[in-house]
């Protein structure tokens, strides 16, 4: 049974020849490659070549945000938009222009000039972030700073944004890189709804809290303006060959509270899930934070896969507690906290005991893909990763 077949059967809650284990290794690989610390055997290997040699499968839920061929690939990061090659669509902005400046210290300033006014953003990326394996940038200045004019300008920008399906590079990556060694997820967005987009990328969190309480009318108005844009990118991915679609990342009780989730995120995931299911596809989100109080909303949303569930000791819930709530309704992908992979955090003995406890408390293993949540840290030992795979094989087939 191929890795892809294992994953699809896990999504459906079907028997599998063995409990799937598919760790996310891209950040680990990128960091060690940048540092020159990859194992000598893999010094000149691609990530694909390395995971194939190790027999670990190719984890592709979160993309490499830096994998872009054009010179202007990073231009709209201040709006939370990345132009990586495997995105199944492209965006063309009309009736506005950008003024771009860089300070040589990793800060990039963008001014969006439109007929209804201007907004400015700033994002940051430096060599230290690269050595850490990160491909996401940090937004240091958000487009909306808490005045009504910013809402109007951002609304204008997205009213004048054209969404164009663009599948060639995505489908090539699906066939030539991931193949049957994993699932090549169709990336919609890091946000699961217009409100989530505003919260996550268009405002800093403190501003959002004040605006959500004191200026709800403008937030609701912008959410309504963003909805057609959001629907167009979802539909573009829906019509690709993607079997699993990703829409929404980084849920956490401290930011996406149960109240905010219920009001502004759950209804949109429900809509997306209905579309995906009608097309014979699965819908995933990436809720890799503290999920206390949110699990019930995930069930209401009708999502199929919760990627990168991170349990205790890093968060409030154990993996067993999450599985008890989800039952067979949502497939968990993850379940092994990243800190456990660090020898400085756990001894080999304690780690193996931890894994044995995990395996003893997962029931029949259906609707479960074990992985490292959120991702394998750069300082993790490759030997421990391989030992993890050996221990998980002891579970035997999923019946």
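The values are calculated or read from the model by the stated rules, or taken from the named source; none is laboratory data. None of the values given here were measured: they were computed from a predicted structure. For neighbour counting, all protein chains shown are included, and Cβ atoms are generated from backbone atoms with ideal geometry for every residue, glycine included.
In segment 317-338, the qualifying residues are those that are part of a helix (DSSP H, G or I) and touching a strand residue (DSSP E or B) at 6+ places or on another chain (Cβ under 7 Å), and the one that is nearest to residue 375 (Cα to Cα) is 338.
Scanning segment 96-115 for residues that are within 20 Å of residue 158 (Cβ to Cβ) and either out of contact with any helix residue (DSSP H, G or I) (no Cβ under 8 Å at 6 or more places or on another chain) or surrounded by 14 or more Cβ atoms within 10 Å (Cβ to Cβ) (or both) gives 96, 97, 98, 99, 100, 110, 111, 112, 113, 114.
It is to be established whether one or more residues within segment 346-359 are farther than 30 Å from residue 259 by Cβ, free of Cβ contacts under 8 Å to residues at least 12 places away in the same chain and buried (at least 16 other Cβ atoms within 10 Å of the Cβ).
Looking through segment 346-359, at least one residue is farther than 30 Å from residue 259 by Cβ, free of Cβ contacts under 8 Å to residues at least 12 places away in the same chain and buried (at least 16 other Cβ atoms within 10 Å of the Cβ).
Going through 365, 371 one at a time, which residue ends up being part of a loop (DSSP other than H, G, I, E, B), touching a strand residue (DSSP E or B) at 6+ places or on another chain (Cβ under 6 Å), under 30 Å from residue 241 (Cα atoms) and at pLDDT 95 or above? Let's see the steps before the verdict.
Details: 371 fails: part of a loop (DSSP other than H, G, I, E, B).
Every option except 365 fails the conditions.
With respect to the conditions (1) closer than 25 Å to residue 331 by Cα; (2) touching a residue at least 24 places away in the same chain (Cβ under 8 Å), residue 1 falls short on a single one, namely (2).
Quick check on residue 163: is it touching a helix residue (DSSP H, G or I) at 6+ places or on another chain (Cβ under 6 Å) and in contact (Cβ under 8 Å) with a residue 12 or more places away in the chain?
Working: touching a helix residue (DSSP H, G or I) at 6+ places or on another chain (Cβ under 6 Å): yes; in contact (Cβ under 8 Å) with a residue 12 or more places away in the chain: yes.
For residue 163, the condition - touching a helix residue (DSSP H, G or I) at 6+ places or on another chain (Cβ under 6 Å) and in contact (Cβ under 8 Å) with a residue 12 or more places away in the chain - is met.
Hey, does segment 30-47 have a residue that's assigned to a helix (DSSP H, G or I), within 30 Å of residue 197 (Cα to Cα) and in contact (Cβ under 8 Å) with a residue 40 or more places away in the chain? Yes, there is a match, as at least one residue in segment 30-47 is assigned to a helix (DSSP H, G or I), within 30 Å of residue 197 (Cα to Cα) and in contact (Cβ under 8 Å) with a residue 40 or more places away in the chain. Screening residue 188 against (1) within 26 Å of residue 45 (Cβ to Cβ); (2) buried (at least 16 other Cβ atoms within 10 Å of the Cβ) leaves a single unmet condition, (1).
When each of 180, 175, 201 is tested for being outside any loop (DSSP other than H, G, I, E, B) and touching a helix residue (DSSP H, G or I) at 6+ places or on another chain (Cβ under 6 Å), the lone residue that passes is 180. Just one of the listed residues (52, 18) is surrounded by fewer than 18 Cβ atoms within 10 Å (Cβ to Cβ) and either within 22 Å of the chain's Cα centre (by Cα) or assigned to a loop (DSSP other than H, G, I, E, B) (or both), namely 18. In this entry, residue 69 is excluded by the filter for residues that are touching a helix residue (DSSP H, G or I) at 6+ places or on another chain (Cβ under 8 Å), at negative phi and surrounded by fewer than 20 Cβ atoms within 10 Å (Cβ to Cβ). Scanning segment 1-15 for residues that are in contact with a helix residue (DSSP H, G or I) (Cβ under 9 Å, 6 or more places away or on another chain) and either within 15 Å of residue 132 (Cα to Cα) or not in a helix (DSSP H, G or I) (or both) yields a count of 4. The residue that is surrounded by the fewest Cβ atoms within 10 Å (Cβ to Cβ), among those in segment 79-95 that are touching a helix residue (DSSP H, G or I) at 6+ places or on another chain (Cβ under 7 Å) and under 16 Å from residue 140 (Cα atoms), is 80.
Kindly establish whether residue 363 is surrounded by fewer than 20 Cβ atoms within 10 Å (Cβ to Cβ), in contact (Cβ under 8 Å) with a residue 40 or more places away in the chain and within 21 Å of residue 257 (Cα to Cα).
no
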